[in-house]
Amino acid sequence: MKFWDTTTKQFNKTILIIPNWTWFGDDKDINSDSFLLVIKSFLENNVHSDYNKWIIPYPSGHLPSSLVKFDNVELVDMGHLSTFPPLMRIQFPHSFFRKMFTNYEIDTIWSHLPEWTNQLLIARRYNVMTQPVYGYCHWWEIKENGAYKWNSFVDNINGILQMEECGVNSKWVKNLIIQRASEYFSQKQLDKLETIIQPWYLGCDDWRTSEKNDVPTILFNHRDNGYTGFGFFFDLMDEFYAKGYKFKVYTTTSDVDKPYTQCVKNSDREIYLQNISKAHIGVGAFKDYSAWSMSVTDGFSVDVPYLLPKGLCYEEMVGEDYPLYKDRTQLKEWLEMFLMGRLDFTYLDTQKITQNLAWKNSILGWKTHIL
């Protein structure tokens, strides 16, 4: 049984969500935060979510307005947090959460930030209820993601060990995280992680298509970070531009100012999807990145095939028959072939991929043992 299943229709249970806000602050709209997009898609596509009340804390001054429309969502200001994710993960607002347990009768905790989970359980220690904790982990501070030497990975794993079950984006990342945890934890704890961590695949919007641009257009809708291959990609595109190739690059980073770039981000998700649908191909220049890229599922949902690497989680996303590049040398070759008109990905069935990843189907796999 899924942990949100209930037998009555109106707020049968109250679920406190521990959020993982990483995109807010100057020039960062919290409504574009990947955590919010997951929660919003979950609420819109899960037929059981209407039966429960969902309490979602948010950082002061950054109301996630796209969640206001949900009658069964209560947004609660939890105070100020750092906009720098590594610092946010160590800023557990204990006073706020102690008040939450005092003021609300909470039935279940759904933690999207394992680093806060153990502190949360300590904060509720005088509460008579012992709510079960479930989780979803979107990110790990590990070397594959460019983690700093001093990081919160051990706190993350300790939090997961307090859960009944914790969803992750793929089997591949589950195996990687347990491998990294083996550097710190005993076999007994690794065996426990093997049971707790389960793949809950992230979903995809409904598939749609539109007219493509006349000029070859590449979509790079990822954050400006090392783990996305941002610097490598734009150095490569600079090289192609210097060779005289004519093309556009769609980006969602407004401070990229190059003669071939166009920023297509928009706070209205439908406008954003319409913008990126005009691209011919997308690029995932990931080398070690251990996450399922929601920017890639955005592209697939609007009929944009992607150049993606082998050896990460993408085989699970696109299937065994999808062509994946083996290294960055091959990625460069494929991109230049595209600019020369010699790479044709139009035969790829993005609609099939999108249908397989549709939120309404993905959510069916988010299984737990509560309720």
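The values are calculated or read from the model by the stated rules, or taken from the named source; none is laboratory data. Remember, predicted model here, so these are calculated numbers, not experimental data. Positions of Cβ are generated from backbone atoms using ideal geometry, with glycine treated the same way; all protein chains shown enter the neighbour counts.
A few points about this structure:
- Among all residues of the stretch 153-172, there is at least one that is within 16 Å of the chain's Cα centre (by Cα) and part of a loop (DSSP other than H, G, I, E, B).
- Qualifying positions in the stretch 185-207 - in a strand (DSSP E or B) and farther than 22 Å from Ile39 by Cβ: none
- Within the stretch 317-344, the set of residues being surrounded by fewer than 19 Cβ atoms within 10 Å (Cβ to Cβ), out of contact with any helix residue (DSSP H, G or I) (no Cβ under 8 Å at 6 or more places or on another chain) and farther than 23 Å from Asp288 by Cα comprises Met337, Met340, Gly341, Arg342, Asp344.
- One residue stands out in the stretch 148-166 among those that are touching a residue at least 24 places away in the same chain (Cβ under 8 Å) and within 18 Å of Tyr289 (Cα to Cα): the one that is surrounded by the most Cβ atoms within 10 Å (Cβ to Cβ), namely Asn156.
- Residue among Val296, Val283, Val249, Val215 that alone is touching a strand residue (DSSP E or B) at 6+ places or on another chain (Cβ under 9 Å), in contact (Cβ under 8 Å) with a residue 12 or more places away in the chain and surrounded by fewer than 19 Cβ atoms within 10 Å (Cβ to Cβ): Val215
- Considering (1) over 30 Å from Phe153 (Cα atoms); (2) surrounded by 21 or more Cβ atoms within 10 Å (Cβ to Cβ), the lone condition that Asp257 does not fulfil carries the number (2).
- Residue match in the stretch 53-66 (condition: assigned to a helix (DSSP H, G or I) and either in contact with a helix residue (DSSP H, G or I) (Cβ under 9 Å, 6 or more places away or on another chain) or at pLDDT 95 or above (or both)): yes
- Extreme residue, nearest to Ile157 (Cα to Cα), among residues of the stretch 89-123 that are under 20 Å from the mean Cα position of the chain (by Cα) and hydroxyl-bearing (Ser, Thr, Tyr): Thr117
- Residue within the stretch 106-123 that is assigned to a loop (DSSP other than H, G, I, E, B), at pLDDT 90 or above and surrounded by fewer than 22 Cβ atoms within 10 Å (Cβ to Cβ) present: yes
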